[in-house]
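Worksheet: the structure to be examined is printed underneath.
The values are calculated or read from the model by the stated rules, or taken from the named source; none is laboratory data. Values in this document were obtained by computation on a predicted structure and should not be read as measured data. Backbone-built Cβ (ideal geometry, glycine too); neighbour counts: all protein chains shown. When the accessible area is computed, the model is the full protein with side chains, heavy atoms only, and any ligands, DNA or RNA have been set aside. Shrake-Rupley method; radii C 1.70, N 1.55, O 1.52, S 1.80 Å.
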Amino acid sequence: SAHPAPDPANRPPAPRGRADCRGSTAVEMALVLPVLLLFIMGIIDVANMMRISLGMQHAVRMGVAMAASGQGVDTDTRSVSLIETEVRSELTALSEQVEQGAVVTVSSWPGSVSSGDGTAGNLGGPCDTVEVRVDYDYPTLAAFNAAMGLFGGSVPLTIPLSRSEKRLNEPWASCN
């Protein structure tokens, strides 16, 4: 009893080859990769901006603590430039670009009421309110801006960051 030979016309179609899968995978990757890279660049840029913002807050705290303590009153060296130097030395830890691009301002108000503009460039006296403020224009990643342009969107070239803190000066002399 011999088996009949298989009929080639009734054979099922051959499975697709690996070359076909590679081509579709390459097309999918070409579509997804730019979006994935844009997403990753955005995460990196936002994380760096948050790092700088937190570093600015730390610098402001150190500066206002020094200003409110009355440091330098005894030796007559208490000055706005001393506070600015302290803040800038803290900003240097972030980067030289941040330290050079930051604008540090010191203002004071008489007593504990700090409404209005205050007196710029003044540390105030005992029991006055002092504020240290840092403003910095954060430059977004150029590659991120270019990629956003490809998708029709845009991001400002710089994002303004501002941190400030107010404290009541310590009573190193009588508060009148």
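Tell me the helices (runs of 4 or more DSSP H) entirely within segment 1-105 that contain at least 2 residues that are at pLDDT 95 or above and among the aliphatic types (A, V, I, L, M).
Details: elements: 18-69, 80-92, 96-101.
Correct list: 18-69, 80-92.
Confirm whether Met66 is hydrophobic (A, V, I, L, M, F, W, C), within 23 Å of Glu96 (Cβ to Cβ) and without any contact (Cβ under 8 Å) to a residue 24 or more places away in the chain. So Met66 passes the test. Reported count of residues in segment 92-151, each being open to solvent by 60 Å² or more (accessible area, probe 1.4 Å), farther than 28 Å from Asp76 by Cβ and in contact (Cβ under 8 Å) with a residue 60 or more places away in the chain, is 3.
Among residues of segment 152-171 that are without any contact (Cβ under 8 Å) to a residue 24 or more places away in the chain and open to solvent by 80 Å² or more (accessible area, probe 1.4 Å), those with a Cβ under 8 angstrom from a residue that is assigned to a strand (DSSP E or B) and of a type outside the set (Ser, Thr, Tyr), sequence gap 6+ or separate chain, pair up as Leu157/Pro139. Of the residues making up segment 119-145, those that are part of a loop (DSSP other than H, G, I, E, B), touching a Pro at 6+ places or on another chain (Cβ under 9 Å) and under 25 Å from Gln71 (Cβ atoms) are Gly124, Gly125, Pro126, Cys127, Asp128.
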